[in-house]
Amino acid sequence: MALIQFTGLTKRYRDVTAVDDLTFTLAPGRVTGFVGANGAGKTTTIRALLGLTRPSAGTVTIDGLPYAQLSDPLRVVGAMVDPNVFHPRRTARNALRAIARAADIPDPRVDDVLTQVGLAGAAHRRAGEFSMGMRQRLALAAALLGDPETLVLDEPANGLDPEGVHWLRGLLRSMAAEGRTVFVSSHLLAELAQTIDDVVVIAHGRLITHQPMADLLGQARESSLEDVYLALTASGEPSIPGTPLKERS
Amino acid sequence: MKSLVAAELLKVRTTRAVWVAAAAVLAYAVLGPVLVVVAPAGASIPPIEPELLAEALRSPARLAGAAVLLIALLSTTAEFGHGTVLTTRLAAPRSTHVLAAKLIAMAIVGFVVTVALAAVSMGASAVLLTSRGVAVQPFEHDVPRYAAILLVLVVLHALLGVAVGTLARNTAAAVGAVLVWAFVVEGVVPVLTRRPEIGEWLPSGAILQVLAERTPPGQLVPAAAAALLLGYTTALLAAAVVTDRVREL
């Protein structure tokens, strides 16, 4: 299964440093939550991982290679960066067929993933007629097309109804149980806490901590991820993994 | 590359633009012969003679070029406008490959539109000629030459459309730029420079020269005008490739 390594990842836009010297590794077989405030650099980090933006410094590699050098990228990484990535007049099935064809994925897989995300009945409806939640499911279907070793999802629970959130939780857990790497950003901390094994917290583009959830909650002696997150980001200083949280202040 | 081209062709087929534009061109192609048939006695109509077949290819050439240019423009800018460029790029991370696939796909679209146009336009004219007892001579009177010119013109328009669409990204900006160039810049430059002969060296003027039945001495011959058009297309494509390589999504 794919090993994803961020090494000194830095991204600057003129005078603004969106991501600042991020270094961490994503472990296979675990769901890693990626947590940070709006503008903390989560999306930029994910886009750098997917080769959609070039790092100013540092690297992100998947099994030692940048995304752009993967020979069969959709079978290695399935990604959802934005649910609004479908032509409104194209049907859900045709939207996925276009992606599948580009990646040499056979058409029957399109029907499989549409069924998997609960959109089989809407396969012939245009994407422009979809609700936010349906577009989110369609974007997830696109991420699952290649039956990837790694799932990278940016705010996947946005717009999903409670049933959808429950389904997503089960999907992420089952993917990790199969040994796949799952990296999911969200600002819905209560929801995220029920799903993840590890957590990466960033603030102002800098790594605050990267630890197993259980360790983090134990050290912090806090009852929820939200409380831990607020305590961590209040100081804004990076922690050394394993350093008890209460001792940092 | 074959998969990427297939994906691009699927995208074109599953939106309206190609069908509407192709239908408009084909309707125009049959309009001429139909008007001749239904024209009232005494109306001014072109003579019904064997040269009509060549005119059937020459007459709709500019409209066919414009239609294919529009298809290519819309197809390219829609990728950016609807965000489908993200899923495309995740499936095929090398931007140059994606651009090459789109160019090949649009050239194929141009070829298909040309063949359909030639078949409909020449078919309608042949029916008219036969009904008036005039010989149908598809290999005489410059018919093969105009068939080749039509194909070259339409394919060049397809490539130009991809280049301009890639550079502009926005549909309104791309269409606006083409219209302003064709109807304002090319009209103003010869006037401002007080050198009307410059007009034939500009893209629209070169198209007219390619289609000219006779070339007066001192003007661009069709082959030179076609080479000039190829030069414009190559320059715009080079700019599109460079821009696409450095652009972040």
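The values are calculated or read from the model by the stated rules, or taken from the named source; none is laboratory data. Owing to the predicted nature of the structure, the values given are computational and were not obtained by experimental measurement. Note that we place each Cβ from the backbone using ideal geometry, even for glycine, and neighbour counts take in every protein chain shown.
The table for this structure:
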item: Filter result for A:Asp197 (touching a Pro at 6+ places or on another chain (Cβ under 8 Å), surrounded by fewer than 19 Cβ atoms within 10 Å (Cβ to Cβ), under 24 Å from A:Leu172 (Cα atoms) and at pLDDT 75 or above); result: yes
item: Residues of the stretch A:60-70 satisfying the condition of being more than 7 Å from chain B (Cβ to nearest Cβ) and under 18 Å from the mean Cα position of the chain (by Cα); result: A:Val60, A:Thr61, A:Ile62, A:Asp63, A:Pro66
item: Test: residue in the stretch B:101-115 that is more than 16 Å from B:Val68 (Cβ to Cβ) and touching a helix residue (DSSP H, G or I) at 6+ places or on another chain (Cβ under 9 Å); result: yes
item: Filter result for the condition that a residue is within 7 Å of chain B (Cβ to nearest Cβ), under 22 Å from the mean Cα position of the chain (by Cα) and not hydrophobic (A, V, I, L, M, F, W, C), over A:Asn94, A:Asn84; result: A:Asn84
item: Residues being without any contact (Cβ under 8 Å) to a residue 24 or more places away in the chain and more than 16 Å from the chain's Cα centre (by Cα) - total across the stretch B:6-26; result: 5
item: Residue pairs meeting the criteria (Cβ under 8 Å; at least 6 apart or on separate chains; first farther than 17 Å from B:Ala126 by Cβ, in the stretch B:29-47; second β-branched (Val, Ile, Thr) and part of a loop (DSSP other than H, G, I, E, B)); result: B:Ala39/B:Ile45
item: Residues of the stretch B:100-130 satisfying the condition of being surrounded by fewer than 21 Cβ atoms within 10 Å (Cβ to Cβ) and closer than 16 Å to B:Ala158 by Cα; result: B:Ala100, B:Ile104, B:Ala107, B:Ile108, B:Phe111, B:Val112, B:Val115, B:Ala116
item: Residue satisfying all of: in the stretch B:235-249; of a type outside the set (A, V, I, L, M, F, W, C) and loosely packed, with under 12 Cβ neighbours inside 10 Å; farthest from the other protein chains (Cβ to nearest Cβ) among these; result: B:Arg245
item: Among (1) more than 13 Å from chain B (Cβ to nearest Cβ); (2) under 25 Å from B:Val98 (Cα atoms); (3) among the acidic types (Asp, Glu) - the single one A:Asp104 does not satisfy; result: (1)
